[in-house]
Ligand SMILES: *Cc1c(COP(=O)(O)O)cnc(C)c1O
Ligand SMILES: [Zn+2]
């Protein structure tokens, strides 16, 4: 990577209590438990950086080095993550929505957008001297962190649920990093990881327990704006777990507006969850400012099993301020939507992203999305990581004659 651009990171601040901390020291979450977010010297950047500065830069997320927390992008731990395609979807045309775009995060290393968060965070943690991390995850952060830590020369301990899809477990195991699985309910993984961190002097890098993966996922929003010709869509539909990606996309648009690179109203942010774990849907419609921890999670395996996000209050605020909403869908409908988009478009969505298609169909039916609007949905990962959910018949040839014209 031949990037000479420097980060314009100025400080970290807690999104809950406002506490400001130095950007040059290692931090987890704020002492109050709130998430620390990165802030940049946007005024200086306005003078020194323009949209044209990006021309000729690499087609990876590292093209936005000034808006990343990594001090020296030349040291980035990279497997080519980011700058995924923004694909027009025929499914949209067929459902009266000609301007429907799919941000295809399944084309990232390790098959999901977790690669963005891991690449940026692992790089920054290495800059800050971290040599050992522990992460628990509902799945896709696990293999992403195993892989990026391996590439960075960092030791990783990864804690995953027993029923994690095989592709994720195998990829994690093959890195030779330490892998543990656990049974029982989902809050348990976080407690196990924290206990391990405390007793092994390992850095606890779970979602919102470190400040940098939001910055990695933020690049989805930077790319969306750039790929739409420096415009924002009217609506973003996002399959939400902890909400790192949604917060990231929102943060990207806010920073680009402050830079003067885009203007106008923010999109309406819509989130989709499975009915069997829908804390955001419940809190949004009950007019609450934070989520109740979801007790009895029963969903498909994957990234939407987050009982309560440490950034729930921020996400709910974004949904309300942008006039968005939150929609729960059944697992069966999500799986059917994956098949439908495969048939219209040849894109193998992850089941998590299947929920966005079901949600969008509902919004269209209710007139909450108009046919002249530009809508972006995020395919957070590749369906190839979930093949066991889609049984396919062998259709075996018994006799050569079957292949001949009848
Ligand atoms: C992690 C994950 C999500 C949820 O992402 P958040 O940033 O936690 O909201 C959605 N889809 C997939 C495939 C994931 O791996
Ligand atoms: Zn705080």
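The values are calculated or read from the model by the stated rules, or taken from the named source; none is laboratory data. Quick caveat: nothing in here was measured; it's all calculated off a predicted structure. Don't worry about glycine lacking a Cβ; one is built from the backbone with ideal geometry, like all the others, and counts go over all protein chains shown.
Just a few scattered comments:
- Cβ pairs under 6 Å, 6+ apart, first in the range 386-406 and touching a residue at least 60 places away in the same chain (Cβ under 8 Å), second surrounded by 10 or more Cβ atoms within 10 Å (Cβ to Cβ) and outside any loop (DSSP other than H, G, I, E, B): 386/351
- Qualifying positions in the range 7-46 - surrounded by 15 or more Cβ atoms within 10 Å (Cβ to Cβ) and away from ligand 2 (no atom under 15 Å from the Cβ): 7, 8, 9, 10, 23, 40, 42, 45
- Of the residues making up the range 139-174, those that are assigned to a loop (DSSP other than H, G, I, E, B), within 12 Å of ligand 1 (Cβ to nearest atom) and in contact with a strand residue (DSSP E or B) (Cβ under 9 Å, 6 or more places away or on another chain) are 139, 164.
- Between 258, 252, 283, 272, the distinction of being surrounded by 15 or more Cβ atoms within 10 Å (Cβ to Cβ) and farther than 17 Å from residue 376 by Cα belongs to 283 only.
- Elements of type strands (runs of 3 or more DSSP E) in the range 63-138, at least 3 residues being at pLDDT below 95 and under 22 Å from residue 228 (Cβ atoms): none
- Single condition residue 58 does not satisfy, out of (1) within 29 Å of residue 313 (Cα to Cα); (2) free of Cβ contacts under 8 Å to residues at least 60 places away in the same chain; (3) part of a loop (DSSP other than H, G, I, E, B): (1)
- Within the range 138-160, the residues that satisfy the criterion of being in contact (Cβ under 8 Å) with a residue 60 or more places away in the chain, touching a helix residue (DSSP H, G or I) at 6+ places or on another chain (Cβ under 7 Å) and closer than 21 Å to residue 302 by Cα are 139, 140, 141, 145, 147, 148.
- Of the residues making up the range 18-55, those that are assigned to a loop (DSSP other than H, G, I, E, B) and either within 16 Å of ligand 1 (Cβ to nearest atom) or in contact with a helix residue (DSSP H, G or I) (Cβ under 7 Å, 6 or more places away or on another chain) (or both) are 29, 35, 49.
- Every condition in (1) away from ligand 1 (no atom under 16 Å from the Cβ); (2) in contact (Cβ under 8 Å) with a residue 60 or more places away in the chain holds for residue 15 except the one numbered (1).
- Selection count, the range 92-129, where residues are surrounded by fewer than 22 Cβ atoms within 10 Å (Cβ to Cβ), over 29 Å from residue 166 (Cα atoms) and in contact (Cβ under 8 Å) with a residue 60 or more places away in the chain: 8
- The C-beta contact set for the range 22-45 (first residue in contact (Cβ under 8 Å) with a residue 60 or more places away in the chain, second residue assigned to a helix (DSSP H, G or I) and surrounded by fewer than 18 Cβ atoms within 10 Å (Cβ to Cβ), distance under 7 angstrom, 6+ apart or interchain) comprises 42/258.
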